[in-house]
1. If I take R0 = 45 Å and measure r between the Cβ atoms of Q144 and T222 in this structure, what FRET efficiency does the formula 1/(1 + (r/R0)^6) give, to the nearest 0.05?
2. Once the Cβ-Cβ distance between E207 and E27 is put in as r, and R0 is 41 Å, what FRET efficiency do you end up with, to the nearest 0.05?
3. So if R0 is 45 Å, what FRET efficiency would L113 and R14 give, r being the distance between their Cβ atoms, rounded to the nearest 0.05?
4. Work out the P(r) tail for the chain: percent of alpha carbon pairs separated by more than 26 Å, whole number.
5. Under the 0.36 nm per residue contour assumption, what length would be gained going from the current alpha-carbon distance of S95 and S55 to full extension?
Amino acid sequence: MKKNAMEEEGGQGRPPLTELELQQGREQILAVARSLFHRHGYDAVSIRRIMRETSRSPMMFYRYFPSKRAVIRYLWADILDAFYTYCEEGAARMSTPRFGLEMYLRRSIQYWLDHPSDFKVLYLNPDALESESNETEPEYFADQPGAYDRTEYLANLVRETAAAERLEIMDIELAVQQLIVQILGLSFSIIMIPELPWRDAGTHIDETIRSMFVTLGLPYPTSDHQ
């Protein structure tokens, strides 16, 4: 049976971490890991290296997280929470579902262009199935409750916009997936291939959103808004 971190540290049991100590330790580890994963990629970064940069011993890691995979999944959750919040707040300020949908889509691209390191941490480090105990079946991050549940907000915007225009979109799930493909496709191209002579990002965002509305069969908003 695997020894726990307290035993590995020198045979003497350590007192459990307080909630504050646990929170502070996790935040420090996550901050270091976020930087390392961005610069070097998940596979190239070891637990030992993460802990060295936090001035803690490697075995102390297991007092805060069960595995390295758990660290990047914490980061993914934080990144997605910030992304969804930014998109939803912008959409909520609009006067109609159609303007709300347009703003959500605009912000969903702009956010990644403004946070390229977060985009890379989230989308350039593939997930993998790793069992953390003998009692639970491994699952992908995307399958965990709450991981991508907030895409339902976008689905509702599509439904409400279609209803307001007296139109019907037969397959909302496919429609939302197509929107996400275009969001990520443009974001990836500009972030990951900057050496190509792209037109300015604003032009590409405008044209991509127009294309999205055409794909959905919805009229494009004509009023300018921030």
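Readers should treat all values here as calculations from the given coordinates under stated rules, not as data from a laboratory. What you see is a predicted model, and the numbers here were worked out from it, not measured in a lab. We place every Cβ from the backbone using ideal geometry, glycine too, and count neighbours over all the protein chains shown.
1. Details: r = 40 Å, r/R0 = 0.90.
Calculated transfer efficiency: 0.65.
2. Working: r = 40 Å, r/R0 = 0.98.
FRET efficiency, E207 to E27: 0.55.
3. Working: r = 45 Å, r/R0 = 1.00.
Between L113 and R14 the formula returns 0.50.
4. Working: 12257 of 25425 pairs.
Summing the P(r) tail past 26 Å for the chain gives 48 percent.
5. Numbers: separation 40, 0.36 × 40 = 14.40 nm, distance 5.09 nm.
Taking S95 through S55 to full extension adds about 9.3 nm, to one decimal.
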